[in-house]
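These notes are about the structure you will find just below.
The values are calculated or read from the model by the stated rules, or taken from the named source; none is laboratory data. Every value quoted in this text rests on a predicted model; they were computed, and no experiment measured them. With ideal geometry, Cβ positions are generated from the backbone for all residues, glycine too; neighbour counts draw on all protein chains shown.
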Amino acid sequence: MKNELLKHIDLYCQWLEELKQVSDSQWFDPIEKGKWSTAASITHILFWDQHTLTERIPNMKEGVELQPYPDFHVFNEKAEKYAHSGVTKEEIITQAIETKRSIHTYLSRLDEKQLVVSFLIGEHPTTIEGYFVDFMHHDRHHQKQIHELLQNSKYETI
């Protein structure tokens, strides 16, 4: 599973590089009516990755109980506001790639025993591997939404 996680991060970063070709209007328009923009979706993943780097990874130790997940609504609202605060597409993508690469570096250094270290997030039991598998699925969910938008879109790339 470690190799699949590392491959996912590599492919995700490549995909982010490709998103640099999307026009700014495409980047900032909602994916669907009432939904986030591509910018907000990518920033949402970026913020969760930053949370992982600062709040989770340093504390992922056998048997510890980590803080529950932050309030999703508040957390996601901050990401959406940041995405539309004037920050550029290139800045968001660069930050997202750098953050994912830091996670890649962390995971690449773990051996099989370390991947199965178990801990709690609030009352939810998980392992290091399980944590990252969950977030891989989360990434893919948002990638699929964006992919479908771009496939069905009449927007042009830059």
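At-a-glance table
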quantity	calculated
Candidate set from the range 113-129 (those that are out of contact with any Leu (no Cβ under 9 Å at 6 or more places or on another chain) and in a helix (DSSP H, G or I)); member that is nearest to Ile31 (Cα to Cα)	Gln114
Residue under evaluation His51, criteria (1) surrounded by fewer than 18 Cβ atoms within 10 Å (Cβ to Cβ); (2) over 16 Å from Lys78 (Cα atoms); (3) in contact (Cβ under 8 Å) with a residue 12 or more places away in the chain; (4) not charged (D, E, K, R), criterion not met	(2)
Answer residue from the range 54-77, given it is exposed (fewer than 14 other Cβ atoms within 10 Å of the Cβ) and of a type in the set (A, V, I, L, M) and is farthest from Thr99 (Cα to Cα) among those	Val64
Residue in the range 98-106 that is within 14 Å of Asp49 (Cβ to Cβ), of a type outside the set (S, T, N, Q) and without any contact (Cβ under 8 Å) to a residue 24 or more places away in the chain present	yes
Ile93 vs. criteria touching a Phe, Trp or Tyr at 6+ places or on another chain (Cβ under 9 Å) and either farther than 24 Å from Glu123 by Cβ or among the hydrophobic types (A, V, I, L, M, F, W, C) (or both)	no
Residues being within 17 Å of Val133 (Cβ to Cβ), part of a loop (DSSP other than H, G, I, E, B) and either under 11 Å from the mean Cα position of the chain (by Cα) or among the hydrophobic types (A, V, I, L, M, F, W, C) (or both) - total across the range 40-78	1
Residue in the range 35-47 that is closer than 18 Å to Gly122 by Cβ and either among the aliphatic types (A, V, I, L, M) or touching a residue at least 24 places away in the same chain (Cβ under 8 Å) (or both) present	no
In the range 1-53, residue modelled with the highest pLDDT [restricted to those that are closer than 24 Å to Tyr69 by Cβ and of a type in the set (Lys, Arg)]	Lys2
Any hit, the range 80-94, residues being closer than 24 Å to Leu11 by Cα, of a type in the set (Ser, Thr, Tyr), at pLDDT 95 or above and within 15 Å of the chain's Cα centre (by Cα)	yes
Selection within the range 143-158 - touching a helix residue (DSSP H, G or I) at 6+ places or on another chain (Cβ under 7 Å) and at pLDDT 85 or above	Gln143, Gln145, Ile146
